[in-house]
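> Take a look at this one; I'll ask things after.
The values are calculated or read from the model by the stated rules, or taken from the named source; none is laboratory data. The structure displayed is predicted, hence computed values, not measured ones. Backbone-built Cβ (ideal geometry, glycine too); neighbour counts: all protein chains shown. When the accessible area is computed, the model is the full protein with side chains, heavy atoms only, and any ligands, DNA or RNA have been set aside. Shrake-Rupley method; radii C 1.70, N 1.55, O 1.52, S 1.80 Å.
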Amino acid sequence: MRFIDLNCDMGELPHAIADGTQESLMPFLTSVNVACGGHAGDPKMMRITVEQALRGQLAIGAHPGYPDRVNFGRLELDLPHEEIAECVFAQVSKLAEIAAKCGARISHVKAHGALYNQAARESAVAEAIARGVARWRSDVVLVGLAGSPMLDVFRAAGFAVAAEAFADRRYEPQGSLRSRRFADALILDPSDAASQALRIAERGSIIALDRTEIPVEAQTICIHGDTPGAVQIAAAVAQRLRGAGIVLRPLSTTLQ
């Protein structure tokens, strides 16, 4: 039997919370990554998102990013590594405090945007993320890009890791994500996203932009909550995976 986790970055968009879009996504997911106030989010948004995830019985993770709300954490910052570690610690511990008041526990941590992409390339940035999380707790799962060195760095720091692939993003031939600077960075067609997710889950691979096949062994697949049509994409992905006999279950149990 095959298992996969479907995760989504949440608590980032006030309008998505207000209009119900965020909660509409949750029936198709098994895990959420909650913005911790760096690139997005505030205590009220964190609390609402945690409460929604609890109602949906979803695994709850922290989603720290660069403290750059103007650019939504998608611009690389040249910060000292110790500052990155402290920033990650502050964000994760704040979410954990809010989650505890809701009766929830943080099970995993996934960096956001530019911080995530830098960590996938630069071991020192990945080490800084691991140090920041370790100052809070070390018995959580660190999520990183499948096939990237950041997973090895996280393992060396003593963490359990989960390799992640993306249903709604296109890939470069070397296995990195297509930059959002390009118009074709996102997969907006729900059927295409579902096909990519199924390939990841069944074959452990992705077809890159140049049509080469990239091995991508992943335990979790991401659908971005701010991708246009995210609810339709999530529904199509979940339906396609379940239709193929793949069991969707939270990251906290998928790794067992």
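> Got at least one residue in region 200-214 being assigned to a strand (DSSP E or B), touching a Gly at 6+ places or on another chain (Cβ under 7 Å), of a type in the set (A, V, I, L, M) and crowded, with 17+ Cβ neighbours inside 10 Å?
Scanning region 200-214 turns up at least one residue that is assigned to a strand (DSSP E or B), touching a Gly at 6+ places or on another chain (Cβ under 7 Å), of a type in the set (A, V, I, L, M) and crowded, with 17+ Cβ neighbours inside 10 Å.
> Take the residues in region 14-41 that are farther than 22 Å from I221 by Cβ and outside any loop (DSSP other than H, G, I, E, B); name whichever of them is most open to solvent (accessible area, probe 1.4 Å).
Residue satisfying both the conditions and the ranking: H15.
> Can you tell which of V92, V109, V133 is within 26 Å of G204 (Cα to Cα), in contact (Cβ under 8 Å) with a residue 12 or more places away in the chain, surrounded by 19 or more Cβ atoms within 10 Å (Cβ to Cβ) and in contact with a strand residue (DSSP E or B) (Cβ under 8 Å, 6 or more places away or on another chain)?
Residue meeting the stated conditions: V109.
> Shifting gears a bit: In region 80-89, which residues are touching a Pro at 6+ places or on another chain (Cβ under 9 Å) and either open to solvent by less than 10 Å² (accessible area, probe 1.4 Å) or not in a helix (DSSP H, G or I) (or both)?
Within region 80-89, just V88 meets the criteria.
> So, in region 49-70, exactly how many residues are polar (S, T, N, Q) and open to solvent by less than 40 Å² (accessible area, probe 1.4 Å)?
Count: 2.
> Do we find that A119 is among the aliphatic types (A, V, I, L, M), open to solvent by 30 Å² or more (accessible area, probe 1.4 Å) and in a helix (DSSP H, G or I) in this structure?
no
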